[in-house]
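A short worksheet on the structure shown next.
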Amino acid sequence: MSPRLLKKALLRVGFWCLIGILLLYAVFPFYYAIVTSLKPSSALFQVSYWVDNPDFSNYAAVLQQASFLRAIGNSLVVALSVVALALFLSLTAAYALGRVKFRGRGTVLMMVLGVSMFPQVAVLSGLFEVIRALGLYNTSWALILSYTIFTLPFTVWVLTTFMGQLPHELEEAAIMDGASPWVTLTRVLLPLLWPALVTTGLLAFIAAWNEFLFALTFTLTDTQRTVPVAIALISGGSSHELPWGLLMAASVLVTVPLVILVLIFQRRIVSGLTTGALKG
Amino acid sequence: MSVSTTLATGDELLPARETPVQRRRVRAAWLFLTPMLLCLALVAAWPLLRTFWFSLTDASLADTGDASFIGLSNYLLHSSTGWSGVLVDPQWWNAVRNTLHFTVVSVGLEMVLGLLVALLLNVKFTGRALVRALILIPWAIPTIVSAKIWSWMLNDQFGIINHLMLGAGLIDAPLAWTADADLSMWAVIIVDVWKTVPFVTLLMLAALQMLPGDCYEAARVDGIHPLKVFWRVTLPLLMPALLVAAIFRILDSLRVFDVIYVLTSNSSSTMSMSVYARQHLMEFQDVGYGSAASTLLFLVVAVIAMIYLYLGRRQMEVRS
Amino acid sequence: MIKLKLDNVNKQLGGMRILRDVSLEIAAGEFVVFVGPSGCGKSTLLRLIAGLDSICAGDLLIDGRRVNDLEPRERGVGMVFQSYALYPHMSVYDNISFGLKLAKTEKTSLRERVLKTAQILQLDKLLQRKPKELSGGQRQRVAMGRAMAREPDILLFDEPLSNLDASLRVQMRNEIARLHARLGTTMIYVTHDQVEAMTLADKIVVLNGGHIEQVGSPRELYERPATRFVAGFLGSPRMNFLAASLHTPGASSLVESLVLGRTALPFDSSSLAANSQLSLGIRPEHVTLKAAQGTAGIAVIGVEYLGSETYVHLDTGQDEPMICRCEVHAGWRVGDRVELQVEIDNLHLFDADGTALRRHPQTLETPLDDIAQRSVRAGAL
């Protein structure tokens with residue numbers, strides 16, 4: 001083999017090694033969680049990389065816990081409601097910001113961007129008071145409302161970008177047809193924005209599903225908790241006695257749907273994330 | 001159609017009239033913005049103002065309405081027993097140090113790793129789409145879950161990391177990653193880096209794909225060493241994207257809460273500003289004092305965000 | 001009957017005057033074409049009429065009613081856009097009926113009108129298709145159908161053919177002409193293509209730098225351009241301009257020019273001073289070439305063979321060569337020396353501002369034989 005070919009072959013091998021290491025780094029922790037969750041508690045403290053006899057007792061135990069199922073239900077309700085609310089509010093806002101020239105547009109955009117940079121803890125006490133005043137403490141509504149603080153700026157920003165990219169003659173054609181702004185938005189522009197709505201909705205869903213600080217603070221009882229809080233609060237007598245198998249089974253259960261979503265909508269998610277960040 | 005003649009001298013400036021349609025659209029625009037603005041006012045602006053106000057009172061969680069103004073005492077107060085307030089609380093300054101330590105190290109690592117992974121994935125190879133999808137998994141996993149998974153992997157007795165390191169002869173005895181004061185910050189950083197590298201990678205990858213291809217063609221034709229091309233061409237062109245990603249990550253890291261809370265709970269060796277503020281607000285129920293800490297954190301983030309917005313606007317002006 | 005009237009309309013945008021004191025009357029059923037170079041304000045003018053842009057000063061009247069402050073749908077106008085701007089998610093039927101639906105048209109009459117429109121435009125078989133399943137010409141017809149469906153009194157076209165390839169453009173041009181003949185609707189059509197303007201228009205409006213240069217029938221504009229700009233804009237190859245100066249002003253002028261030398265021409269120059277700079281316009285097809293003897297005459301410096309005709313380029317000593325349109329069999333070659341003959345009636349004379357000098361009225365009736373036919377020698381150079 002000539003040295004040139006050898007060098008090329010070595011480069012190839014090196015490259016695929018790097019890819020392998022990367023994949024191992026990215027995927028292994030989740031894989032290990034699955035492995036752990038499939039072990040009976042007796043085998044838990046033997047490190048192993050493979051499960052010979054998958055044991056589903058941990059999953060059975062998790063799914064028998066009413067509070068965990070309840071938490072999944074709560075998380076679904078909260079995340080879906082947040083998506084619906086954020087998309088509705090940001091769709092109309094994005095029409096205004098993306099398609100109409102008016103004084104104060106830049107200021108509104110800056111405000112929205114500013115809110116997206118808020119540390120959540122900075123509004124914690126004020127929001128706590130608002131939620132208590134509205135009688136929403138320890139309800140899903142508290143979370144739906146408070147989650148708009150981090151979903152809205154993002155959905156507004158991304159949808160505004162997408163909205164601005166639609167051809168303006170389309171809107172003028174609608175004006176010539178006698179369409180009001182509301183009709184233009186709902187019957188002409190909205191049908192063209194479905195891909196963008198799916199992307200932003202998905203990202204908002206993931207963000208809401210994963211939120212922890214507000215969920216921990218604004219809910220109190222098992223019946224109102226969301227999944228992240230429920231998992232964080234699974235405990236044994238001490239940190240050494242944590243029911244790790246159970247914990248990993250719960251973790252896998254709440255993560256698998258997300259992983260599947262991400263794998264299916266990978267392209268859309270990437271475009272949404274980069275639109276939000278780079279074009280802003 | 002583009003513009004034709006400039007105004008001749010003597011031409012009066014005509015009033016910039018709007019068509020009925022334009023007027024209707026501007027009215028509709030404000031109407032359409034109102035729900036969003038009301039919502040943000042309710043969940044962001046008003047609570048923020050209340051937090052500022054609470055920081056000047058002795059409010060307690062039990063009844064935030066029943067609070068009296070105490071000036072800046074939550075921040076700094078001199079009394080017969082000496083100085084008190086957030087600004088002289090060694091715990092607070094410890095939290096500030098921890099947060100900065102965490103931010104600098106984790107954002108730095110994320111930038112470097114994110115860029116390296118992006119360069120790797122910018123090469124065309126079969127299965128690239130699949131690899132790109134798979135590296136998104138850490139990003140999609142809820143922070144709480146990844147913290148739990150890692151705390152299991154980092155478990156001092158049964159964790160796989162200790163097992164591997166012992167097996168490789170790197171250490172003699174298992175390490176108490178999350179309990180040892182010297183190691184726990186590293187545990188937090190490891191988890192955060194693992195979770196956020198995908199995001200940085202995606203941004204870098206998008207930026208890499210927007211680079212003009214002909215520069216590289218030219219460089220290859222001229223036989224310039226790839227490393228030199230990277231330093232001289234790629235990196236400078238990537239700088240704007242790198243800065244954007246870094247700012248995003250810095251703002252995120254400064255308000256870090258979830259990872260630390262789950263991984264090491266209230267341990268003082270990892271306590272961040274957010275954890276500190278929440279502890280005072282919710283656990284000690286001292287809303288006034290906690291709000292003072294929150295306000296300080298907000299100010300730090302606001303200053304950095306302003307710098308970013310200012311630079312962003314300057315850059316836009318330069319470009320146009 | 002006057003359908004639409006523009007009265008001293010002005011448009012200003014960001015410190016730029018895009019339209020300056022534009023006044024125009026358009027009769028009912030007329031086909032009017034706005035033509036001019038890009039940036040002349042023709043599209044803006046169309047958008048003002050449509051109601052998509054605002055009029056800064058002046059009035060727009062439709063049927064004698066001031067419509068400045070009316071919305072497009074209240075003005076009774078329909079518009080065909082350059083990019084067609086069809087609603088991509090709607091079928092052809094829905095595209096055409098959208099405006100009717102919004103106008104709350106009763107169901108059966110809505111259906112009738114859509115079908116009638118579709119039939120006129122030969123879209124009957126495509127009604128269920130989506131725009132992306134249509135060819136360029138079909139999309140163009142859908143765009144027209146959408147504009148027509150509400151039976152507007154005035155149809156506006158904004159460079160509607162510029163996205164089509166050359167052969168389709170000719171076909172669609174003819175279809176639009178037939179449509180106008182059939183509907184009798186007032187049509188206003190914007191284009192930068194002079195062939196479209198000449199072939200379609202009852203009346204051409206030439207715009208330049210935000211003002212109207214000239215309004216008239218294609219023939220008037222071509223044969224009696226009011227300004228040097230109009231003369232140069234219409235016609236291809238464009239009119240030749242020769243530098244000239246006024247020797248003796250008067251009801252008939254004695255003009256000193258390149259190529260033609262000192263000539264008495266039937267133009268009224270009494271308002272001008274002697275030695276004023278002029279320019280003499282000759283269209284390429286109005287020149288007849290004859291072989292010159294020996295080294296006399298003008299040199300041929302280029303020949304373009306087009307199949308049906310030949311363009312011969314002559315060296316007049318100006319930067320641009322003079323172009324003559326000749327029959328192919330004349331067989332001119334580079335290096336030949338020629339004399340040229342021009343009919344006086346086909347000459348145009350412009351003053352330094354570009355305004356055409358008034359033609360002596362008598363010349364049309366009693367052409368003076370001795371100057372009407374004149375061959376000019378290259379020795380004049």
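The values are calculated or read from the model by the stated rules, or taken from the named source; none is laboratory data. Bear in mind that the values here come from a model prediction, so they are computed numbers and not experimental data. Cβ atoms come from the backbone with ideal geometry, glycine included; neighbour counts cover every protein chain shown.
Points worth noting:
Here is a yes/no grid of residues against (1) within 25 Å of C:Gln12 (Cα to Cα); (2) at pLDDT below 95:
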residue: C:Gln194; (1), (2): no, yes
residue: C:Lys203; (1), (2): no, no
residue: C:Val206; (1), (2): yes, no
residue: C:Gly209; (1), (2): yes, yes
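- Taken over the stretch B:231-277, residues that are under 21 Å from A:Gly114 (Cα atoms), more than 8 Å from chain A (Cβ to nearest Cβ) and assigned to a loop (DSSP other than H, G, I, E, B) amount to 1.
- Being small (Gly, Ala, Ser), part of a helix (DSSP H, G or I), in contact (Cβ under 8 Å) with a residue 24 or more places away in the chain and under 27 Å from B:Ser274 (Cβ atoms) holds for only one residue in A:Ala86, A:Ala94, and it is A:Ala86.
- Residue satisfying all of: in the stretch C:317-337; outside any strand (DSSP E or B) and of a type in the set (Val, Ile, Thr); nearest to C:Arg238 (Cα to Cα) among these: C:Val328
- Yes/no for A:Leu24 being within 14 Å of another protein chain (Cβ to nearest Cβ), within 34 Å of the chain's Cα centre (by Cα), in a helix (DSSP H, G or I) and not β-branched (Val, Ile, Thr): yes
- Among the residues of the stretch A:27-68, those that are surrounded by 12 or more Cβ atoms within 10 Å (Cβ to Cβ), within 13 Å of chain B (Cβ to nearest Cβ), free of Cβ contacts under 8 Å to residues at least 24 places away in the same chain and not in a helix (DSSP H, G or I) comprise A:Val47, A:Ser48.
- In summary, helices (runs of 4 or more DSSP H) completely within the stretch C:56-126 and bearing 2 or more residues that are touching a residue at least 40 places away in the same chain (Cβ under 8 Å), under 22 Å from C:Arg182 (Cβ atoms) and not aliphatic (A, V, I, L, M) occur at C:92-102.
- Filter result for the condition that a residue is within 10 Å of chain B (Cβ to nearest Cβ), assigned to a helix (DSSP H, G or I) and surrounded by fewer than 21 Cβ atoms within 10 Å (Cβ to Cβ), over A:Gly126, A:Gly114, A:Gly73: A:Gly114
- Where strands (runs of 3 or more DSSP E) sit wholly within the stretch C:226-287, those with at least 3 residues that are of a type in the set (A, V, I, L, M, F, W, C) and in contact with a strand residue (DSSP E or B) (Cβ under 7 Å, 6 or more places away or on another chain) occupy C:240-248, C:277-282.
- Applying the criterion of being outside any loop (DSSP other than H, G, I, E, B) and more than 10 Å from chain A (Cβ to nearest Cβ) to the residues of the stretch B:42-60, the residue that is surrounded by the most Cβ atoms within 10 Å (Cβ to Cβ) is B:Thr57.
- The stretch A:168-181 residues that are more than 7 Å from every other protein chain (Cβ to nearest Cβ) and crowded, with 21+ Cβ neighbours inside 10 Å, paired with ones that are outside any helix (DSSP H, G or I) and of a type outside the set (S, T, N, Q) (beta carbon under 8 Å, 6 or more apart): A:Ala174/C:Tyr87
- For the stretch B:61-83, the candidate set comprises residues that are surrounded by fewer than 16 Cβ atoms within 10 Å (Cβ to Cβ) and either within 11 Å of chain A (Cβ to nearest Cβ) or outside any loop (DSSP other than H, G, I, E, B) (or both); within that set, the residue that is modelled with the highest pLDDT is B:Phe69.
- Candidates A:Gly135, A:Gly201, filtered to the one that is modelled with pLDDT under 95, more than 25 Å from A:Leu109 (Cβ to Cβ) and more than 9 Å from every other protein chain (Cβ to nearest Cβ): A:Gly135
- Matching residues, the stretch A:138-181, being over 19 Å from A:Leu85 (Cβ atoms) and part of a loop (DSSP other than H, G, I, E, B): A:Asn138, A:Leu166, A:Pro167, A:Asp177, A:Gly178, A:Ala179, A:Ser180
- Residues considered: C:Glu220, C:Glu175, C:Glu196. Of these, the only one that is crowded, with 23+ Cβ neighbours inside 10 Å and either in a helix (DSSP H, G or I) or of a type in the set (Phe, Trp, Tyr) (or both) is C:Glu196.
- Any hit, the stretch B:269-289, residues being surrounded by 21 or more Cβ atoms within 10 Å (Cβ to Cβ), among the basic types (Lys, Arg) and closer than 21 Å to B:Leu116 by Cα: no
- Here the stretch A:227-242 is the region considered, the condition is being farther than 14 Å from A:Gln65 by Cα and crowded, with 17+ Cβ neighbours inside 10 Å, and the residue that is modelled with the lowest pLDDT is A:Leu242.
- For A:Leu190, the stated conditions do not hold, so it cannot be described as within 14 Å of chain C (Cβ to nearest Cβ), surrounded by 21 or more Cβ atoms within 10 Å (Cβ to Cβ), closer than 20 Å to A:Tyr95 by Cα and hydrophobic (A, V, I, L, M, F, W, C).
- Every residue from the stretch B:254-307 that is among the acidic types (Asp, Glu) and within 18 Å of B:Val107 (Cα to Cα): B:Asp258
- Residue check: C:Gly51 meets all listed conditions (1) within 7 Å of chain B (Cβ to nearest Cβ); (2) farther than 30 Å from A:Val100 by Cβ but one, namely (2).
- Here is the figure for the stretch A:182-231: residues that are closer than 24 Å to A:Pro119 by Cβ and part of a helix (DSSP H, G or I) total 19.
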